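Working notes for the structure below.
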């Protein structure tokens, strides 16, 4: 079946450090891939998405590239801020409809 | 444009009771999905409704049910509550029918079962 695997957290960084959160997936067909972010006490917000191989999603300085050959969708940001502290979820949709399959989430803590 | 709203935001119930949670999607959105979030199991898909029809269902027992009304508002019901049903229940709405449209999430309902 379809699944998403994320690197375990927490990830602790200093402000302005480089961020990478690894995400790999298993899916039949051609999934669409997403990164969602959850701030404390809130629901999920879509951070970025990619719908086909080699697409690069980007938003708020975050980027992720859909790599079909390695079945990966790693999240990167060149310089993190304290305000980026949150839980990040990699997710996929495959086969139509709106059933999102999520990874376990990675908690990011950024210190000044 | 108002976002997805969920009511109530917090709920405390005891084992054996039943509960109904409500979700109002973004105006014009016809698809509503429900997810359960727990520390142990993470985010898990419960079910999705589109135009008042359940299109997809996750691996949850029959105690979990839902419905969607003609105005796209949705409710989910959990009967005979168990301690393990304590979770954050998230609702998401989306506009279109394709597999890669964005889902907008509400703030969730935090259910505590005592």
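The values are calculated or read from the model by the stated rules, or taken from the named source; none is laboratory data. No experiment lies behind these values; they were computed from the predicted model shown. When we count neighbours, we look across all protein chains shown, and the Cβ atoms used for this are built from the backbone with ideal geometry, even at glycine.
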Point to revise | Some residue of the range A:8-24 being within 14 Å of chain B (Cβ to nearest Cβ) and closer than 22 Å to residue B:106 by Cα | key: no
Exercise for review: Being within 20 Å of residue A:83 (Cα to Cα), assigned to a strand (DSSP E or B) and in contact (Cβ under 8 Å) with a residue 40 or more places away in the chain narrows it down to one of A:36, A:25, so name that one.
Suggested key: A:36
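Take the range B:1-25 and flag every residue that is in a loop (DSSP other than H, G, I, E, B) and surrounded by 11 or more Cβ atoms within 10 Å (Cβ to Cβ). I'd like the intermediate steps shown before the answer.
Narrowing the range B:1-25 to residues in a loop (DSSP other than H, G, I, E, B): B:1-4, B:8-9, B:14-18, B:25.
Hits for the range B:1-25 are B:3, B:4, B:8, B:9, B:15, B:17, B:18, B:25.
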Practice item. Being farther than 17 Å from residue A:98 by Cβ and surrounded by 20 or more Cβ atoms within 10 Å (Cβ to Cβ) is the filter here, so list the residues in the range B:61-78 that pass it. Key: B:78
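If only one of B:28, B:42, B:58 is at pLDDT below 95, surrounded by 15 or more Cβ atoms within 10 Å (Cβ to Cβ) and at positive phi, which one is it? Walk me through how you get there before you give the answer.
On the way: B:28 fails: surrounded by 15 or more Cβ atoms within 10 Å (Cβ to Cβ); B:58 fails: at positive phi.
Step by step, each of B:28, B:42, B:58 is checked, and only B:42 is at pLDDT below 95, surrounded by 15 or more Cβ atoms within 10 Å (Cβ to Cβ) and at positive phi.
Only strands (runs of 3 or more DSSP E) wholly contained in the range B:31-83 count here; list those with 3 or more residues that are more than 13 Å from every other protein chain (Cβ to nearest Cβ), without any contact (Cβ under 8 Å) to a residue 60 or more places away in the chain and farther than 23 Å from residue A:2 by Cα.
Values: elements: B:31-38, B:42-50, B:53-57, B:64-68, B:74-78.
Filter on the range B:31-83 gives B:64-68, B:74-78.
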